[in-house]
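For reference, the structure is listed below as structure tokens.
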Amino acid sequence: MAIDSAVLVIGGGLAGLTSALAAARAGGDVRLVSAKQSTLRNASGLVDVLGYAPDGTGPLIDPFEAITSLPEGHPYRTVGVDAVREALALFDEVTDYCGGHTDRNALVPTHGGTVKPTARYPRGVAAGLASDDRDALLVGFESLLDFDAPLAADPLRAAGVPFGVRGVTVGFPGDLRADAKVTRYAKLLDVNDEVGANGRSRAARAALAAAVEPHLDGEPRVGFPAVLGDDRPGEVRRTLGEMLGVDVFEVPTGPPSLPGLRLEDALFAALDAAGASIETGNPVVDFEGEGRVEAVYVEKNGARIPYTADQYVLATGGLVGKGVESDREGVSEPVFDCHVPHPADRYDWFDEDAFGDHAFAGFGLRTDAQLRPLTAEGTVEFDNLRAAGAVLGGYDFPAEKSGSGVSLATGYAAGWAATQEAR
Amino acid sequence: MGSSPHIVVVGGGSTGTGITRDLAMRGFDVTLVEQGNLTHGTTGRMHGLLHSGGRYAVSDRASARECIAENRVLREIAAHCVEMTGGLFVKRPEDGEAYFEGKLDGCRACDIPASVISGEEARAMEPHLARDVEKAITVPDGAVDPFRLVVANAADARDRGARIETHSTVTDLLVEAGEVVGVEVEHEAGPGERVHGVEGGREEIRADHVVNATGAWAGRIGAMAGVDIEVRPSKGVMTVMNVRQVDTVLNRCRPKGDADVIVPHETTVILGTTDEEVDDPEDYPEEQWEVDAVIDTLASLVPMLRDARTIRSFWGVRPLYEPPDVGSDAPTDITRDFFLLDHAERDGLPGLTSIVGGKFTTYRLMAERVADHVCGRFGVDADCRTADVPLPGSEDFSVLRDYMDEFGLRSPVGRRSVERLGSRADDVLDVDGPNPTVCECEAVTRAEIRDAIEGSGSDLNAVRIRTRASMGNCQGGFCCHRMASELHGTYDEPVVREAWDELLAERWKGQRHALWGRQLSQAMLNYALHATTQNRDRDPADAGPVDYAAFDDGPTRAGGPAGADVAADGGQNGN
């Protein structure tokens, strides 16, 4: 007998988790199946809603206002601005993120020394915002290549930020290997083990504060690469701040991105608390049904196990998450073989410039107003299948800075609607 | 000697750097000028095959003999640039038996060690070889890193007093009283190593003799002094796979044609190639059919290639030349032999010599012939020593030492670093301070990047060709910004940013021909990392001023939505 639920969500990224969470909180009997690590480990952990209009206008101050003038076919137009707000309200409730106090975007310093507009940011990023006019010291570590603090400080000044900013590089206390992963730094600070520094042994956080302290020149805030703890980031940040007498913030770095991994943990915990069933590590490889999905097959240890549900949500990701695949001949959606519009000639899939107007960035499913994928002819593929997140097409999330927002809003809308419609 | 003749060599490929080294070793005062990076032209755009000569053993035995002789020389003098993979000429059922026998006879006649193995034996060596391959001939083909080899030639020439000017375009030949007396060059960024943002300038370099070693560009240089050099540039595509599906060079055993060679190269294999005559060595179409043709054709030798991941494709232009009276129709029929053109004798224009045609494997021999010729012209009595004196990196070198422990590197990183650096490993890797891995795909550490920067200024593409950083699976997605960071400290941020943008653009160029399947996924991830996480596509420093006060300044600050107050509150409420 098949494993059954009212709503089955396929995919464990931001869209899938939000979808399952929305469905569960609406009282649905929900199961989430996810094949592998989500792409959140590659993401900055910032939750962008809309930073730039499709024509490049921006950075946008108010993303919600701008949503209404997006072109037809953009996922935000499909779900509407109210769904975006409801999704963010749910997100704010289950995470320790900031930004909900205003409709305005925040400008967050990036590890490359630019600023980027975002709608929600982890609490640990809050003291680093570029609209905050307090001077800032950026601190990088000798062996941590993704954040060169002196190099990041220069262009921030060039971009005219309203505060003084300097960068320094210090050795991270202890004897981490030169190519240690960011999680090793984070664990050391979480556990606060004794480390050797300057010939004596002291707790890791105190040793780090001592390494930074001589470089402080009255700056009231200090930014680090995002390695300040995995399980206890708030505590690490607070201790460092107290020792240095400053506000401490993180500059998102990665991959692997600790802010992304922390967000993934928070959402899985919220989903668990909401009573959903969660299964990770096994892919959905096939389905059964015509016009309506009757069952999907999950591959476990070489066996194909049927899973049934009344309503299905497809949130398998885009080209990065492999929810959209391609070969030399064309582009496809691998689970249900839903139609993915794309130019016939693969040399029309990209632009000549690295940051040009790439067709591939918009590859994904087109849907009706209910987020149900459409065939090439414009009819609904399956009555009980909705799609959410990066598997959707019609938007260029890197250019717009809209990836997380679209995943939240469409995930929320799909999960909520699936529960309403389930028997 | 206070008055050594001054020779200007035009062209920083294998031939030009080889000539520069040879002349410098023979006591000449040499200046090399190159319009781009070293290897910018054809040398940097080849498949990396160190010919055994087997390829030419049927049609062109003179070339075949030169190849095997130079193959043996390069294994000695450039050990750290060469990987002796061995090679196979593989016969499929539809390939002619007579040609196979002819190949074997030709190899033997040219002193190329060759023996026949069965299909089963060939598959035991290369398990992914097609089931229906009948038999093969083994030959001593190898793989060579053209970048490393050229940089080593240039570095050695510089150590011997030569001046090396990259990013310096020859804009004219100076001709006085019917004789070439120098060149006029336009430096992109001042003389010396290239630094972004440094004002360029024009320079007249006087010379006692000018050597035109510009390959496919030779006609352009000749035209500056009114001489005709009939180069017939021919383009070929090379497609880079993400892993080594094979560890041996595989040649199709049939008359020369398109898509008949697979060369293992570092972490990749390179599929080649096509042969199409073009009008302009810098401007020709790079076409989808060429990529598809090499993949589909070579899949008949190694079937898994059909659906394997490719990481980029690039095109190179052969500097083919044939004397005006031959008149071959197809580029495949044009000889791969080289020609030394003495313009004094040929055109009545003393002071200029051109070297055209030829191939990478015989670059040293070509250089020797040119240097002999120049020696003759000036009555210098000095023997060529380039066949005996190892290049820097290949002297007294043993990979058996435990470099991993010595330099604190994880084993695959240490092994690969030392393979690239050869006998220079001590100098480069023995650094103070941590030495993290900058490029994980190719295992390139900070020390190696900084060593390359010392040799090449702020040009990250020059750093790339010296180290292989950003040339692996992710095509720079994870390491371009790290490489740029290593410039900082020596160079200011605007220089770093320009170098970084240039590297991103160069990396994108070749990937465009590999955008399907997993490499399209990779491209989307790279785009997301660079545009979403780093916001490099809309850097406010490049755009107009930003009204910072209009944006959110944090949840705990009191200013609220009234923009003007936010900027003026002095940050008092920040805690």
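Observations on the structure shown:
- The number of residues in region B:67-123 being outside any helix (DSSP H, G or I) and open to solvent by less than 30 Å² (accessible area, probe 1.4 Å) comes to 15.
- Of B:L400, B:L391, all but one fail to be modelled with pLDDT under 85 and of a type in the set (A, V, I, L, M); the exception is B:L400.
- Filtered residues of region A:280-308 (kept if part of a strand (DSSP E or B), open to solvent by less than 40 Å² (accessible area, probe 1.4 Å) and either more than 27 Å from A:E381 (Cα to Cα) or of a type outside the set (S, T, Y) (or both)): A:V284, A:A295, A:V296, A:V298
- Of the residues making up region A:117-152, those that are more than 9 Å from every other protein chain (Cβ to nearest Cβ) and either open to solvent by 10 Å² or more (accessible area, probe 1.4 Å) or without any contact (Cβ under 8 Å) to a residue 12 or more places away in the chain (or both) number 2.
- A:L90 being open to solvent by less than 10 Å² (accessible area, probe 1.4 Å) and not assigned by TED's automatic domain parsing to the domain that holds A:V161: no
- Counting only residues that are more than 7 Å from chain A (Cβ to nearest Cβ) and either surrounded by fewer than 22 Cβ atoms within 10 Å (Cβ to Cβ) or in a loop (DSSP other than H, G, I, E, B) (or both), region B:506-518 holds 4 of them.
- Test: residue in region A:325-342 that is out of contact with any Pro (no Cβ under 6 Å at 6 or more places or on another chain), facing another protein chain (nearest Cβ under 8 Å) and of a type in the set (S, T, Y): yes
- Restricting attention to region B:457-502, the residues being surrounded by fewer than 24 Cβ atoms within 10 Å (Cβ to Cβ), within 18 Å of B:G192 (Cα to Cα) and touching an Asp or Glu at 6+ places or on another chain (Cβ under 6 Å) number 1.
To keep it simple, each residue is scored yes or no on (1) in contact with a strand residue (DSSP E or B) (Cβ under 6 Å, 6 or more places away or on another chain); (2) in contact (Cβ under 8 Å) with a residue 24 or more places away in the chain; (3) closer than 23 Å to A:T280 by Cα.
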| position | (1), (2), (3) |
| --- | --- |
| A:G318 | no, yes, yes |
| A:G321 | no, yes, yes |
| A:E329 | no, no, no |
| A:V335 | yes, yes, yes |
| A:D351 | no, no, no |
| A:L385 | yes, yes, yes |
| A:G394 | no, yes, no |
| A:E400 | no, yes, no |
| A:G405 | no, yes, no |
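- Hits in region B:12-43 - residues which are assigned to a helix (DSSP H, G or I) and touching a Gly at 6+ places or on another chain (Cβ under 8 Å): B:T15, B:A24, B:T43
- If only residues of region B:15-51 that are open to solvent by less than 10 Å² (accessible area, probe 1.4 Å), at pLDDT 95 or above and among the polar types (S, T, N, Q) are counted, the one that is farthest from the chain's Cα centre (by Cα) is B:T31.
- Within the span defined as region B:489-501, one or more residues are touching a strand residue (DSSP E or B) at 6+ places or on another chain (Cβ under 6 Å), in a helix (DSSP H, G or I), within 11 Å of chain A (Cβ to nearest Cβ) and under 24 Å from A:R166 (Cα atoms).
- Residue in region A:7-20 that is within 14 Å of another protein chain (Cβ to nearest Cβ), closer than 19 Å to A:F336 by Cα and not β-branched (V, I, T) present: yes
- Residue count for region A:359-387, restricted to those that are surrounded by fewer than 22 Cβ atoms within 10 Å (Cβ to Cβ) and within 14 Å of chain B (Cβ to nearest Cβ): 2
- Among the residues making up region B:460-475, those that are in a helix (DSSP H, G or I) and either closer than 13 Å to B:E440 by Cβ or not hydrophobic (A, V, I, L, M, F, W, C) (or both) are B:N461, B:R464, B:R466, B:T467.
The values are calculated or read from the model by the stated rules, or taken from the named source; none is laboratory data. In this text the structure is predicted, and so the values were computed from the model without any measurement. Cβ: placed from backbone, ideal geometry, glycine included. Neighbour counts: every protein chain shown. Keep in mind that these areas ignore ligands, DNA and RNA; they rest on the heavy atoms of the full protein, side chains included. Shrake-Rupley method; radii C 1.70, N 1.55, O 1.52, S 1.80 Å.
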